[in-house]
Amino acid sequence: MNTGVKLTIVNLIMWCLAFAAFTFIFILDTQFNEFPMQNYRVSTAIIFMLSNIINLVIVCIQRRNEKSDERNKYFESLSATATMIVIMLIIFSGSITLYVIYEKSGLVPVDWLWYIAYGGTFIVFIVFNLAYLIVSLKGTKYDS
């Protein structure tokens, strides 16, 4: 396993933990009003900022240690395509689900729009890293 794959695994785990923390804080604060800070927006911004700083460090280490070649660009292209399709499906499904649930009242709680915006962003990073990991470990017939 090369350094790029190891760093991708670290990045994937970090984004999964950040998304889990975001979801946990969101549910506690909006559904049960039990989170001590009583403001999930500040908590979300802190989690998102720290995750992006860690992501930036990982990407810088990855770029410094690896030379980019056609094979890496191909993996990134496949990963980006998979990410786009998955995110499109998740955002569409989430939005339609909220519409169906709150159709009779005519009002969607604003908290859920916040969750879709940030959750979608977290999921982009998770799906991209997961897709890159799968493609790089599985390999492609690009070499042959």
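Throughout, read-outs are computed from the coordinates displayed, never taken from laboratory work. As the structure is a computational prediction, the values presented were derived from the model and not from experiment. All Cβ positions, glycine included, derive from the backbone under ideal geometry; neighbour counts span all protein chains shown.
General remarks:
- Total lysine pairs in the stretch 36-144 at Cα distances under 29 Å, for residues eight or more apart or on different chains: 4.
- Of (i) 24.7, 79; (ii) 17.9, 58; (iii) 33.1, 87, the label for Rg and Dmax of the Cα atoms in Å derived from the coordinates: (ii)
- Here the 3J(HN,Hα) profile of the stretch 8-14, calculated from phi with Karplus coefficients 6.51, -1.76 and 1.60 at θ = phi - 60°, is 5, 5, 4, 4, 4, 4, 4 Hz, Gly and Pro shown as x.
- Gain on full stretching of the segment that runs from residue 9 to residue 24 - 0.36 nm per residue minus C-alpha separation: 3.2 nm
- Order by protection proxy (mean Cβ within 10 Å, highest first), peptides 8-17, 69-78: 8-17, 69-78
- Applying 1/(1 + (r/R0)^6) with r as the Cβ-Cβ distance of residue 72 and residue 102 and R0 = 41 angstrom yields a FRET efficiency of 0.40.
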